[in-house]
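One structure is given here, and the rest of the page talks about it.
The numbers here are math on the coordinates, done by the rules we state, and not lab data. In this text the structure is predicted, and so the values were computed from the model without any measurement. Virtual Cβ from ideal backbone geometry, glycine too; neighbours counted across all protein chains shown.
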Amino acid sequence: MDRKIAVLGDIHANLDALEVVLADARAQNVNEFICTGDVVGYNACPNECCKLVRELGCAVVQGNHDHYCAFEESLEDFHHLAAAVVAWTRRQLSSDNAAWLRSLPYTAMVKGIQVVHSTLDMPEHWGYVFESVEAEPSFSYQKTQACFHGHTHVPVVFEHQFGTVGRLEPGTIELRLGRKYFVNVGSVGQPRDGDPRACYCIYEPSKHLLEYRRLEYDVAAAQARIREAGLPDHLADRLARGR
Ligand SMILES: [Fe+2]
């Protein structure tokens, strides 16, 4: 059977968005999942989202928020609002889900597809890749045609050919032979590209096809959960803006 893979990440404990994405992926007859990390943080349903992702039984890499929330490290250097969310999430997470998050690798190879949350050159440093120049070092470590990542919450594809890196805007993209693609799958639970809809990708390796999908979900419900939990208001506000 040809692989049809849903690649999703930066879920950030947004259950309302995750449920819509998983339902859409199943309606698209996806037969495999890959998760680029940051299952928790920012939103109000960390355990529920861990449960759904764990039930997928798929490859999952560790995101920076997964790391902060699952390891009892100092939050001294954090912005006070970020520290508040991490501390809240630590209190919520079951010991089993925290142990699962701690066990996640920084990178994964999934039958010829590389996966990382941030960058391939220094995955544990959580560098951000917004521009082509920032994507360049990862290509030195990219052994496969496609590598999926997240972290910025901005969907974009970096294309490497003859030593230069270009940018492709999200849509339906054909992967060409001899080129490599460092694909940011966008964010399920807290998009930051100005479009509040949940974002993920479907990748069909045998067809060399990558398709970005954007989905409306119940933003008001996710906002209500944030407010009920006593998490910072701006986390609820930004969901509606997609910033
Ligand atoms: Fe994230």
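Would you mind working out the magnitude of the charge dipole of the chain relative to its Cα centre, with +1 at each Lys and Arg C-beta and -1 at each Asp and Glu C-beta, to the nearest 20 Debye?
520 debye
List the lysines whose alpha-carbon lies under 23 Å from that of residue 180, not counting same-chain residues fewer than 8 positions away?
4, 111, 143, 207
Using a 7 Å offset from the Cα along the Cα-to-Cβ direction at both residue 224 and residue 197, what is the distance between the two label points in nm, to one decimal?
Distance between the two pseudo-spin positions: 2.4 nm.
Please determine, in degrees from 0 to 90 and to the nearest 10, the orientation of helix 80-92 with respect to the longest principal axis defined by the Cα atoms of the chain, where the helix direction is its Cα long axis.
For 80-92 against the chain, the angle is about 80 degrees.
How much length would be gained if the chain were fully extended between residue 3 and residue 204, taking 0.36 nm per residue of separation minus their Cα-Cα distance, in nm to one decimal?
Contour length minus the Cα-Cα distance gives 71.8 nm.
How do 237, 77 line up, fewest other C-beta atoms within 10 Å first?
Least crowded to most crowded, the residues run 77, 237.
According to the Cα gyration tensor, what semi-axes, each the square root of 5 times an eigenvalue, does the equivalent ellipsoid of segment 13-144 have, listed from largest to smallest in whole Å?
On the way: eigenvalues 110, 93, 35 Å².
Semi-axes, largest first: 23, 22, 13 Å.
Which whole-angstrom value gives the distance between the alpha carbon centres of segment 126-173 and segment 198-243?
Between the Cα centre of segment 126-173 and that of segment 198-243, the gap is 21 Å.
Treat each spin label as a single point 7 Å out from the Cα along the C-beta direction, and report the residue 168 to residue 143 distance in nm.
2.3 nm
Rounded to the nearest 5, what is the percent of antiparallel bridges among the DSSP beta bridges in the chain?
On the way: 26 of 38 bridges.
In the chain, approximately 70 percent of DSSP beta bridges are antiparallel ones.
Where does the chain land at 222 nm, in deg cm²/dmol rounded to the nearest 500, when only DSSP H runs of n ≥ 4 count, each adding -39500 (n - 2.57), divided by all residues?
-10000 deg cm²/dmol
Looking at the P(r) of the chain, how many percent of alpha-carbon pairs lie beyond 27 Å? Could you put the intermediate results ahead of the total?
Numbers: 8597 of 29403 pairs.
In whole percent, the share of Cα-Cα pairs in the chain beyond 27 Å is 29.
Mind pulling the angle between the C-alpha long axis of helix 219-229 and the longest principal axis of the chain? Nearest 10 degrees, somewhere in 0 to 90.
For helix 219-229, the angle is close to 40 degrees.
Residue 132 to residue 29: FRET efficiency via 1/(1 + (r/R0)^6), r the Cβ-Cβ distance, R0 45 Å, to the nearest 0.05?
The formula returns an efficiency of 0.85 here.
Against the longest alpha carbon principal axis of the chain, how many degrees, from 0 to 90 and to the nearest 10, is the axis of helix 15-27 turned?
With rounding to tens, the tilt is 30 degrees.
Within segment 200-232, name every residue whose backbone N is under 17 Å away from a label modeled 7 Å from Cα of residue 75 along the Cβ vector.
Label zone hits: 226-232.
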